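Remarks on the structure that follows.
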Amino acid sequence: VPTGIDFHPDGTKMFVIGQTGVAPLSGEYVHEYSLSTPWNVAPSSVGYTTSHNVSAQEGTPTGVVIGAAGTAMYVVGTTSNTVFQYTLTTPYSLADGNVTYASKTLVLSAAPLTETACQDISFNSTGTVLWVLGSTNDRIYEFRLGTAWDISTAVFYDDVYVGFNETAPVGLHVIPEQNVAYIVGSVSSGDSVFQYSTNTPAIEIASSGISSESSIILSNETRVKDRLYVKGNILTQGTLTVSGATTLN
């Protein structure tokens, strides 16, 4: 039951995570393969190298990423709803004795988050931003890391809802340099890959506020993290969705 995949930056290694190991590798493993022709997964190019068992941390792994120049591995799954971090003594090698659980975790099912089905993860190139895909709330969660590649320093930053397109998202890949994110899932009509822009223009208003006697038109999503005060009417041409408590006087 393979559920996630990652590659060495030069395409000479492939890492596949799964939920049911084939005997004698019974359990949940990350498998390492060598590719004689970079990025070519034809049977003649792929050779099995070794594996690492992650069952002690995650019983239903769904995603894997190798980061920090190959010295760290990250595993996410739906049993613990946690991102787990491992240390690789030799970069990009899962050989026996080379992988150590770093005892660093990021739990998404704990307050203030309520995600109980973590599916996949993606980092930016510097390891300072982490994205986690969840199918309970159909959202991509963004975290900022105080120390690069150290998930114990991750702080929740923001999230985006993808349920308008896919209500069972399972795969995520973010390319921040290109300002795009891709998701794939198992429910959307047409079995589609969806592409999102991560470079949405925004207006940041300082504490002193902004004043206008005419209209302010925002054509993209608007987020208010504290309170929104409206002295007049609230008019909408579409659907008004409120996920929390609402008080109307």
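Quick note: the coordinates plus some simple rules give every number you see, no bench work behind them. Since the model is a prediction, treat every value here as computed from it, not as a measurement. Using ideal geometry, Cβ is built from the backbone for each residue, glycine included, and neighbour counts are taken over all protein chains shown.
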Inset, instruction - Considering Cα pairs under 8 angstrom that are at least six residues apart, work out the relative contact order of region 100-178 and quote it in whole percent. - result: 28 percent
Legend entry - Under 13 Å, Cβ to Cβ, from Thr114 - net charge with Lys/Arg +1 and Asp/Glu -1: -2
Inset, instruction - Please give the residues of region 56-85, grouped as numeric ranges, whose backbone N is less than 17 Å from a label point set 7 Å along the Cα-to-Cβ vector of Asn98. - result: 65-74
Legend entry - Unit charges on C-beta of K, R, D, E only; dipole of region 65-203, Debye: 240 debye
